[in-house]
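See structure below.
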Amino acid sequence: TTIVGVGDYLTELLTQKYGYQVIHDTSVYDYVDGKLDRSKAYTYAEEGIAKILQENPSIEVVIDLHRDGVADSVRLTENINGKPTAQIMFFQGMSRTPEGEIAYLPNPHLQENLAFCFQMQLACGRYPGFARKIYLKGLRYNLHLRGRSSLIEAGAQTNTKEEVWNAMELLAEVVDTVLDPVTQK
């Protein structure tokens, strides 16, 4: 029922239904000495992701799957095809502030990552209400490590397992639509 379980289900869908080779990193990057500490989670995750990419240079897409943190009264749910479905949100780190680029956080893949998010958002259009806005934020969130990288918020802590599972079924289809240029689904 955790976000790791959601990632397991997305991995299962992408591999078994769509035939992709997927590596699901289930490492814990936000616990230090047994205590929750998110202050350096992206720093620790960068090391792990970089190692996976170095060992697997053919990796073309990196998805960092999260749940959004919202007020307990907020429900990020849409009825899609008769099923209660958690909404998703594509999150992109811009490596910049309104004043300009953040020099110490370069992202050579920014344009490619933005294009990937826009393509994914467009493919979600067949399911009105499924995708929330694309959220643009100043830092880079390890999205500089590979082109076609995105942080994706899969619902929130207020969603049920069923709602998030239903969302992963649609997300897997959307990923396939964007990545499979032969079928042009």
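The values are calculated or read from the model by the stated rules, or taken from the named source; none is laboratory data. All values derive from a computational prediction rather than experimental measurement. FYI the Cβ positions are ideal-geometry reconstructions off the backbone, even for glycines, and counts take in every protein chain you see. Protein only, heavy atoms only, side chains kept; ligands, DNA and RNA dropped before computing areas. Shrake-Rupley method; radii C 1.70, N 1.55, O 1.52, S 1.80 Å.
Over the chain, accessible surface divided per residue gives 56 Å², non-protein components excluded, 1.4 Å probe. Too long at a 27 Å Cα-Cα cut-off: which of 40/83; 17/161; 17/83? 40/83, as the Cα separations exceed 27 Å there.
For the chain, with all protein chains in place and a probe radius of 1.4 Å, 51% of the accessible heavy-atom surface sits on carbon or sulfur. A convex hull fitted around the alpha carbon atoms of the chain yields 139 Å³ per residue. Counting heavy atoms of the protein chains alone, residue 94 has an accessible area of about 30 Å² for a 1.4 Å probe.
Distant-in-sequence amide contacts of residue 32, defined by a placed amide H-H separation under 5 Å and a gap of 5 or more residues or a different chain, comprise 37.
Ranking 33, 176 by solvent-accessible area of protein heavy atoms (1.4 Å probe, all protein chains present), from largest to smallest, gives 33, 176. Projecting the Cα atoms of 124, 98, 149 onto the charge dipole of segment 66-156, computed from C-beta unit charges around the Cα centre, puts 124 farthest toward the positive end. Label point of residue 135 set 7 angstrom out along Cα-Cβ; within segment 76-94, amide nitrogens under 16 Å from it belong to 76-77, 86-94. Taking each DSSP H run with n ≥ 4 as -39500 (n - 2.57) and averaging over every residue of the chain yields -10000 deg cm²/dmol at 222 nm. The stretch between residue 8 and residue 50 holds 13.1 nm of extra length on full extension. This uses 0.36 nm per residue minus the Cα-Cα distance.
Within the chain, the whole DSSP H helices whose Cα atoms reach 18 Å or more along their own axis and whose mean Kyte-Doolittle score is at least -1.0 are 41-55, 110-123, 161-179. Largest accessible area first, the listed residues 27, 58, 149 line up as 58, 27, 149 when surface is computed with a 1.4 Å probe on the assembled protein chains. Note on residue 22 and residue 70: with the Förster distance fixed at 25 Å, the Cβ-Cβ geometry gives a FRET efficiency of about 0.35.
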